[in-house]
Each structure stands twice: as structure tokens, then as C-alpha cells.
Amino acid sequence: MNSLLGPIQGAEHREVGGVQVDVVRTGTVRVGRFVYPPGFRWSTHMKPLVGSDLCRHAHVGFLAQGRIQGVYEDGCSFEFAAPAVVALEAGHDAWVVGDEAAVLVHFDAEADTARRFGLADEHRHP
């Protein structure tokens, strides 16, 4: 068994839009492992659940496995291949590339993530 996908002691586990989510609260942040399956796309799988056209949450983490690509509302694009540090501002669509699940270890301060990690509230083209 791939140890990246094993159970995490004390984690809250759930499935959302096909994504396996394990979250542990530590101090004032949440540390999560998100397993995005091959074929996952935010606008296809999450948009119907949350009701916005783009993901409106900032993300800071470490991509431990797989590849992801995405685009911001202004057309600016991004791509990450493991191993990679990931920092995304709100206002993006993203998807898994290839036939391997993408595993993201995510650090989160809920609605305060962007401010706490020094990211813009929304993506702005440099």
C-alpha cells in the first residue's frame, strides 16, 4: 500500500466531489491530505456542489504525487508536477493531469487562508 494514501490517525475523513479528504486541526490551522482522482476537474466535480464558477479558496501546500493544471479567471494558467510547493490564489479552476491521482498536503486557515499566508484575496495578473 502507498503510505501517502494510508489512514491518518485522528483525521476527520470525508469524500467531497470524488476527492478523498483527511483533515486534522492543529493550533489555528487545518492540515489536510486531498486525494484528487484521475479525471477530476474542479469546474466539473465541485462547481455543482458549491455554486460558484471558480474555486474561491486560496491553497497553500505540497503536491506529493501527480500533476495538476489550472487557469485563473483572467486566463493566467499554472501547472505543478510532484514534488512541488503549491500556492494558489482564489478564483481558479484546476484539474488532474494524467492517470495518476494527485495528492496535495494542504495547510488551511479556512476563510482566513489568503491573509494568513500572505496571498492576494483573488488572483491578479502581475
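Throughout, read-outs are computed from the coordinates displayed, never taken from laboratory work. Computed from a prediction, not measured in an experiment: that's the story for all the values here. Note that each Cβ is placed from the backbone with ideal geometry, even for glycine, and that neighbours are counted across all protein chains shown.
Below are the figures for this structure:
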| quantity | calculated |
| --- | --- |
| Range in the chain, longest, excluding exposed GluC sites (Glu not before Pro) [loop by DSSP; at most 14 other beta-carbon atoms within 10 Å] | 1-72 |
| Other-chain or far-sequence residues with amide H under 5 Å of G91's (modelled H) | C55, R56, H57 |
| Chain lengthening between E79 and I8 when straightened (0.36 nm per residue, less Cα-Cα) | 22.8 nm |
| Hydrodynamic radius of region 1-50 per Kirkwood, over alpha carbon pairs, in Å | 12.1 Å |
| Anisotropy class of region 68-124 from Cα gyration tensor, a/c 1.5 cut | oblate |
| Gain on full stretching of the segment that runs from H125 to A111 - 0.36 nm per residue minus C-alpha separation | 2.8 nm |
| Percentage relative contact order, the chain, counting C-alpha pairs under 8 Å, at least six apart | 28 percent |
